[in-house]
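Chemist: One structure, pasted below without further comment.
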Amino acid sequence: MAKHRGRGFATIEYPTGMNQNGDPSQAWIKLKPDGRVDVFSGTVDIGQGSKTVHTQIVADALGVPYDWVTMDNTNTDSSAVCTGTFASRGTFIGGNAVRLAAERVRERILDIASKELEIDASDLEIANGEVTAKGAPQKSINVADVAGAATYNYGELISGSSTALKPFAEVDDATGQVEIEPHSAISYAACVADVEVDDETGDVVVLKMVQVYDVGRAINPTLVEGQIEGGAIMGLGLGLTEASYPHYPSPEHRGGEFGAYLGPAMEDLPELDNVILENPSEDGPFGAKAIGEMANNAQPPAIANAIFDAVGVWITEMPATPERVLEALEAKREGRRDGKRVIFDEHISVKAFSSNDGEGFYGVDA
Amino acid sequence: MKAVGARLPRYDGVGHVTGRTQYVDDVRVGRTLWVKALRSPHHHAGITKLDTAKAEAMQGVYAVITHKDVPRNVYGHLEGLGVPGDEPLLADGEVRYKGQPIAAVAAESEEAAQAAVEAIEVAYDERPALFDIRLALDPDAPKIHQWGNVYPHYGPYNHRRVRKGDIDWAFDKADVIVEGVYRPQAIEQMPMETQVALAVPEANGRLTIYSCTQAMYFSMGVVAAHLEVPLNKLKFVGGTVGGGFGGKVDTAADTICALLAIKARRPVKWRWTREEEFLSSSTRAAWHIEIADAVTSDGWILGRRTVTLHDSGAYARFSPYGVTKHAFHHSGAYSIPNLRFDGFVCFTNRVPSTAMRGFGVTSVSFAVETHLTRVASVLGIDPWELRLRNANRIGDTSGNGVALKDPSTVAVALAAAERVGIELPAEYRQMTSDPRSGDLLPEHLVAQQRLNGEGA
């Protein structure tokens, strides 16, 4: 009877945007007479911080201070279409919608500034709320004054709108092949989990996780770390504790309250070491790719692999509860060799349960 | 100062941690009625009697609705993508999962609404139920869905397929074939904020719906479809959600509140109890994944055969989409030139499963990544080296034939190895994502490459 340490890892990829695309996000932006910026976007913030990230994108795309920008995502009357906050699409697709709208607003600001300064728009740039002539910074006008001039002198509303949309990728139902990329980008991650397994109780404790994420560009590194660490604890729940149906496939004994459902708690949180890589995407806002959903995908296999490293058994039914670990230690199952085949897990396969050897699932067009 | 890349504080963070952020349940409107639902106590049953007369006559009850009150009762969440509808908003003649809504009441208090729900006269004829997806196509399995026990609408197929390269060649050529079965489980999204909606009939004839949806326009479309009204009749107010994780993409409370508000001509609010959130709201799906990898003794993955069964629960919801996404990513972060994948959406008599963080891919990442370490252990090869050798590179193609532009499997794996002090041999340490050449471009990987903008 002893505690055994083990290490496992996993390397994963995850798409940005709805599978097969065709999921627009739209945004529009207007300037107040003092140059302050109102952004209307339909992107719902489910806690991941899309309002913050979109505000950062608009501020830099326009060249104005962050605190000039107000984000309104509150209703469908003032906001245009956003397909939704899912499919890891908020930063990339929602972010591109506000970026493209901001670029149009920037052009309008430069047009008006060009008239005021009598300098060609292509010779002007905007930074920190100031429009200046390239190479002649003494010739400048504040964006507040540009917006005032637009409103009261030129009778114009400086505004801009845009849609981020990648066309729908048709799939060949016979082969699963597509003609165009069925996603906006792909993000990558790796997770190394160190665990301790108690061979008497079956308890598995995750001691440390090292996680590496390529997010293209971290628009807000603090929020990226929030996704990495929140995802880590969710992945730990998947790997070790959580199950809607504790005796799946039986529907009985579901937990109907927090006390009867084993979600991970702060005491389960291991030491976390986060690494952010920035391999920019071609067409994401400022090179960004998604992180949101993939953040709970690498831990469950890393944990399963670490359990194997520690005690030499494979837990392939999630989660790795103490009961499952003890059962596996007891059963000491190994792969059955049949010629060059090495066959694991036969006891849980379709063939083991079905009365017709899984006909209909196996070899459908063999 | 540049905003992008800066560690700026959350836009709404102070409001969240000081309790000043307004969530749906914080919105108070005068004369609001409260909603409770009659839910199925059975996993599978015919409804032989449904009489709401006594409930409607009760003190403080302003509206009771059943399927008869819904202009379009069956509307599929993915009809826009060509997936036909199968799920009724309110059960009509039968129930297919425990917790399925049959009728809903709006009353002056939650207690009065619950009392009225209990006064609805309903009788059931219990039917055999199916819970094990492995038995979905068994001749003896109960038939539980009008389409059969497996979703039949992937074009002419009842499964999502991937066919790439020459799978028979790969399995003939392989030195070893490693087979395993992986069963990721269903879990709860478990948001702090349970499903909640408030529908307010406005003086101008419009309906304002305060919603915790993750997708305002999507949910507005769903409500408009059930009500058969144009979008200008509805205004969704939301954008701030107390935790979603995928569970608030389904339109859970909005439509029923809208119908009750119209019938009662009063604002109505429905906030699910924690027990309803756990037991009657959708979960992440359980999956069953069988993988066979054809590998060489020196660690090349020549081909992969996969059969996936997805537990959709009683209705389709987003499951056909989830299995397609699963199919598109079943080769993981690696280049496998020969693939054969068959994925089935299987119906069972449990709460319909739905989106959750990593939808469709969390399951296959677990299966593939556990399987690869197993393959490495069978071959006696270092699992890092096995992965790095087969890792996606620029110009490799994905399972569905897309050329990869900027993969970073190699970069994240090497960064992780370095961080934990794993000392890999120099030939692995020096790997990059650059296009394959030399020893890293064996004969079997040549045909799948698409470099220099060729192909997709």
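Chemist: Return the only residue of B:T18, B:T66 being outside the structural domain of B:K263 (by TED's automatic domain parsing) and β-branched (V, I, T).
Modeler: B:T18
Chemist: Still on this structure: So, in segment B:400-429, how many residues would count as being at the interface with chain A (Cβ under 7 Å from one of its Cβ atoms), surrounded by 21 or more Cβ atoms within 10 Å (Cβ to Cβ) and either among the aromatic types (F, W, Y) or over 14 Å from A:N279 (Cβ atoms) (or both)?
Modeler: Qualifying residue count, segment B:400-429: 3.
Chemist: Out of the residues in segment A:228-282 meeting the condition of being among the β-branched types (V, I, T) and more than 29 Å from B:V351 (Cβ to Cβ), tell me which one is farthest from the other protein chains (Cβ to nearest Cβ).
Modeler: Of the residues in segment A:228-282, the ones among the β-branched types (V, I, T) are A:228, A:233, A:241, A:275-276.
Still in the running and more than 29 Å from B:V351 (Cβ to Cβ): A:228, A:275-276.
Numbers: A:I228: 12, A:V275: 6, A:I276: 10 Å.
So the residue we want is A:I228.
Chemist: Also: Collect the residues in segment A:284-310 that are small (G, A, S) and in a helix (DSSP H, G or I), keeping them in residue-number order.
Modeler: Once the filter is applied, which keeps residues that are small (G, A, S) and in a helix (DSSP H, G or I), segment A:284-310 yields A:G287, A:A295, A:A302, A:A304, A:A306, A:A310.
Chemist: Can you find even one residue in segment B:210-224 that is assigned to a strand (DSSP E or B) and in the same structural domain as B:E111 (by TED's automatic domain parsing)?
Modeler: yes
Chemist: Which condition from (1) in a strand (DSSP E or B); (2) out of contact with any Lys or Arg (no Cβ under 8 Å at 6 or more places or on another chain); (3) more than 10 Å from chain A (Cβ to nearest Cβ); (4) of a type outside the set (D, E) is the one that B:L198 breaks?
Modeler: (2)
Chemist: Could you grab me the full set of residues in segment A:321-352 that are over 37 Å from the mean Cα position of the chain (by Cα) and either at the interface with another protein chain (Cβ under 8 Å from one of its Cβ atoms) or aliphatic (A, V, I, L, M) (or both)?
Modeler: A:A331, A:K340, A:R341, A:A352
Chemist: Next question. Exactly one condition in (1) surrounded by fewer than 23 Cβ atoms within 10 Å (Cβ to Cβ); (2) touching a residue at least 24 places away in the same chain (Cβ under 8 Å); (3) not aromatic (F, W, Y) is not met by A:D120; state its number.
Modeler: Going through the list (1) surrounded by fewer than 23 Cβ atoms within 10 Å (Cβ to Cβ); (2) touching a residue at least 24 places away in the same chain (Cβ under 8 Å); (3) not aromatic (F, W, Y), A:D120 breaks only (2).
Chemist: What number of residues within segment A:225-256 satisfy the criterion of being without any contact (Cβ under 8 Å) to a residue 40 or more places away in the chain and assigned to a helix (DSSP H, G or I)?
Modeler: 1
Chemist: Evaluate segment B:232-255: report whether one residue or more is charged (D, E, K, R) and more than 27 Å from B:G76 (Cβ to Cβ). Quick ask: steps written out before the conclusion?
Modeler: Filtering segment B:232-255 for residues charged (D, E, K, R) gives B:233, B:235, B:248, B:250, B:254.
Subsequent filtering for residues that are more than 27 Å from B:G76 (Cβ to Cβ) retains none.
Scanning segment B:232-255 turns up no residue that is charged (D, E, K, R) and more than 27 Å from B:G76 (Cβ to Cβ).
Chemist: What do you reckon, is A:E181 assigned to a loop (DSSP other than H, G, I, E, B) and either away from chain B (no Cβ under 11 Å) or on the phi > 0 side of the Ramachandran plot (or both)? Let's see the steps before the verdict.
Modeler: Numbers: assigned to a loop (DSSP other than H, G, I, E, B): yes; either away from chain B (no Cβ under 11 Å) or on the phi > 0 side of the Ramachandran plot (or both): no.
So A:E181 fails the test.
Chemist: Restrict the check to segment B:45-62 and report whether at least one residue is closer than 30 Å to B:T240 by Cβ and over 28 Å from the mean Cα position of the chain (by Cα).
Modeler: Filtering segment B:45-62 for residues closer than 30 Å to B:T240 by Cβ gives B:62.
When the remaining residues are screened for being over 28 Å from the mean Cα position of the chain (by Cα), the result is B:62.
Yes, segment B:45-62 has at least one match.
Chemist: Can I ask one more? Find the strands (runs of 3 or more DSSP E) located wholly in segment B:253-357 whose residues include 1 or more that are under 20 Å from the mean Cα position of the chain (by Cα), more than 9 Å from every other protein chain (Cβ to nearest Cβ) and hydrophobic (A, V, I, L, M, F, W, C), and list them.
Modeler: Where strands (runs of 3 or more DSSP E) fall fully within segment B:253-357 and carry at least 1 residues being under 20 Å from the mean Cα position of the chain (by Cα), more than 9 Å from every other protein chain (Cβ to nearest Cβ) and hydrophobic (A, V, I, L, M, F, W, C), they are B:287-295, B:338-347.
Chemist: In segment A:311-366, what residues are part of a helix (DSSP H, G or I) and of a type in the set (D, E)?
Modeler: Within segment A:311-366, A:E323, A:E327, A:E330, A:E346 qualify.
Chemist: Can you pull out every residue in segment A:40-68 that is in contact with a His (Cβ under 7 Å, 6 or more places away or on another chain) and assigned to a strand (DSSP E or B)? Show your work before the answer.
Modeler: First, the residues of segment A:40-68 that are in contact with a His (Cβ under 7 Å, 6 or more places away or on another chain): A:41, A:43.
The answer is A:S41, and nothing else.
The values are calculated or read from the model by the stated rules, or taken from the named source; none is laboratory data. Computed from a predicted model, the values in this text were never measured in an experiment. Here Cβ is always computed from backbone atoms with ideal geometry, including for glycine, and neighbour counts include all displayed protein chains.
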